[in-house]
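Shown next, in structure tokens, is the structure this report addresses.
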């Protein structure tokens, strides 16, 4: 009896082992067939449909998030955008106060009817690009074609950052935490910011500047009634520099081979390669003037 039972158990174990072995062999054969299988060849229409869908999605998104302004047209918004970026190398930009508390843009004048402004919005940022033609929306690079045009920009007082590159900048004033302006000529009545960077290939003229840090570069520089809490750096090659601090405080370090004309309220500390003029020891805004051979006037 025991011998019969043991033989039957051995047969069951052997049959189970045989089934497992056959199953593993079957799986192995399946994997080998999968490895030998040729790649699936999808019809070209599938790839064309995906590409067309992506192009369509990009076009719809582009036309929803951008506007194209021609001469006399205005950009209107109710959103409180806090960052403004303008890149219009041939444009004259005139800053005014906003009449509705939001950023306002208008292409007020154009010597060419083909000039356009591409206005895009993303998050809290407005980007403005000067372009040409009716397909202005389809590109991001600014137009470098010759042709003067004028943009009027209305700014609210709550801006965080203003970054502008244009042909010339004029107007009442610019107010933001960070201001970066790059143009051939910059002539503004007033400017208030924490950090200011002005780069002018021609004349830079600011009537009233109030800032913490400032870096000014131009062919000629004139700053009237300026107030700087920490530091101001002014650089020219051979142009005239005229400075008129609003407060009688701080020191002005002048490095130039040209003439330096200082008013009586300045105290000349030393006459070496760098000449230091002091207004008062009560505050410490540091002003540095560098001009190779330019004339410096301290009013």
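For the reader, a short list of remarks on this structure follows.
- Scanning segment 110-122 for residues that are closer than 26 Å to residue 97 by Cα and either assigned to a helix (DSSP H, G or I) or touching a strand residue (DSSP E or B) at 6+ places or on another chain (Cβ under 8 Å) (or both) gives 110, 111, 115, 116, 117, 118, 119, 120, 121.
- Note on segment 184-199: residues that are closer than 17 Å to residue 95 by Cα and either touching a residue at least 40 places away in the same chain (Cβ under 8 Å) or assigned to a loop (DSSP other than H, G, I, E, B) (or both) amount to 3.
- Residue match in segment 131-151 (condition: assigned to a strand (DSSP E or B), in the same structural domain as residue 72 (by TED's automatic domain parsing) and over 22 Å from residue 188 (Cβ atoms)): yes
- Among the residues of segment 86-111, those that are in contact (Cβ under 8 Å) with a residue 40 or more places away in the chain and within 21 Å of residue 135 (Cβ to Cβ) comprise 86, 87, 88, 89, 90, 91, 105, 107, 110.
- Scope segment 237-264; condition in a strand (DSSP E or B) and buried (at least 17 other Cβ atoms within 10 Å of the Cβ); matching residues: 241, 243, 245, 250, 251, 252, 254, 256, 260, 262
- Residue count, segment 200-212 (criterion: part of a strand (DSSP E or B) and surrounded by fewer than 17 Cβ atoms within 10 Å (Cβ to Cβ)): 3
- Residue in segment 73-89 that is over 26 Å from residue 146 (Cβ atoms), in contact with a helix residue (DSSP H, G or I) (Cβ under 9 Å, 6 or more places away or on another chain) and at pLDDT below 90 present: no
- Residue 279 fulfils the conditions (1) buried (at least 16 other Cβ atoms within 10 Å of the Cβ); (2) modelled with pLDDT under 85; (3) within 28 Å of the chain's Cα centre (by Cα) except for a single criterion, (3).
- Of all the residues in segment 64-85, those that are under 16 Å from residue 156 (Cβ atoms) and free of Cβ contacts under 8 Å to residues at least 60 places away in the same chain number 7.
- Whichever residue in segment 98-123 is surrounded by fewer than 14 Cβ atoms within 10 Å (Cβ to Cβ) and closer than 18 Å to residue 160 by Cβ and, among such residues, is farthest from the chain's Cα centre (by Cα): 101
The values are calculated or read from the model by the stated rules, or taken from the named source; none is laboratory data. As the structure is a computational prediction, the values presented were derived from the model and not from experiment. Cβ sites come from the backbone with ideal geometry, for glycine too, and all protein chains shown count toward neighbours.
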